[in-house]
């Protein structure tokens, strides 16, 4: 579904991605793990067009998305939940969700998806008229994920969804990630520092170090890999 070939991305003269290659197959959850500053978030932002690569290919169903504006990439079926959530704090929960569906015109489908995200996160249904900025951190993360779902993506990019959340909320978020994948068949590309949780829900994983992919395997094998255990799992 998604393929990155020799992708090199820069911030000014600083090279963040140094020729990475990875593949995301339709219907799976893959995770990209690594230390802070390894290039994980840059990988997602390269896919979504926020920080376009300087060279290499990014293919969605065999077609290049390099050089496309982010809104065009969203219209092709890719939605990103950014690190730090970035909801609209002065808008209500419902207004945030409506903005997620901005490029859609199927009103019946939009109503259906509103009910779907309220079923996923009942607390958002209770707070639908509440300003997003007054929600707790966990509730804001739920809203950010729901807003991305409102675009009805084929591929959902999740950047550090557990960041700064209490362990109980983290567990709930990862259960919902699995549910979105299994119920809708939504393909998920997950960037996460909580490598243990990420690998438990993923089908496959990649390890990134200093802008390069250094290891790729099934999630199950990565969980039992001694180098991964020592570096990322705290074992």
- Residue among 71, 98, 21 that is in a helix (DSSP H, G or I) and either over 18 Å from the mean Cα position of the chain (by Cα) or under 21 Å from residue 195 (Cβ atoms) (or both): 98
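Going through 134, 186 one at a time, which residue ends up being touching a helix residue (DSSP H, G or I) at 6+ places or on another chain (Cβ under 6 Å) and either modelled with pLDDT of 95 or more or on the phi < 0 side of the Ramachandran plot (or both)?
On the way: 134 fails: touching a helix residue (DSSP H, G or I) at 6+ places or on another chain (Cβ under 6 Å).
Answer to the check: 186.
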- Task: Kindly provide the set of residues from segment 34-61 that are at pLDDT 95 or above, assigned to a loop (DSSP other than H, G, I, E, B) and on the phi > 0 side of the Ramachandran plot, ordered by number.
- Result: 39, 49, 61
- Note on the structure: Considering only strands (runs of 3 or more DSSP E) wholly within segment 149-235, the ones with at least 3 residues that are without any contact (Cβ under 8 Å) to a residue 40 or more places away in the chain and touching a strand residue (DSSP E or B) at 6+ places or on another chain (Cβ under 7 Å) are 212-218
- Task: Return a yes/no flag: does segment 163-173 have any residue that is within 26 Å of residue 70 (Cα to Cα), surrounded by fewer than 18 Cβ atoms within 10 Å (Cβ to Cβ) and not assigned by TED's automatic domain parsing to the domain that holds residue 108.
- Result: yes
- Within segment 63-74, identify whether any single residue is loosely packed, with under 14 Cβ neighbours inside 10 Å, in contact with a strand residue (DSSP E or B) (Cβ under 8 Å, 6 or more places away or on another chain) and within 30 Å of residue 18 (Cα to Cα), and answer yes or no. yes
- Note on the structure: Among (1) surrounded by fewer than 22 Cβ atoms within 10 Å (Cβ to Cβ); (2) in contact with a helix residue (DSSP H, G or I) (Cβ under 7 Å, 6 or more places away or on another chain); (3) at pLDDT below 95, residue 142 falls short only on (1)
- Residue in segment 78-89 that is surrounded by fewer than 21 Cβ atoms within 10 Å (Cβ to Cβ), in a strand (DSSP E or B) and touching a residue at least 40 places away in the same chain (Cβ under 8 Å) present: no
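The values are calculated or read from the model by the stated rules, or taken from the named source; none is laboratory data. Only a predicted model underlies this, so the values are computations on that prediction, with no experimental measurement involved. Glycine gets a Cβ as well: all are built from the backbone with ideal geometry, and neighbour counts include every protein chain shown.
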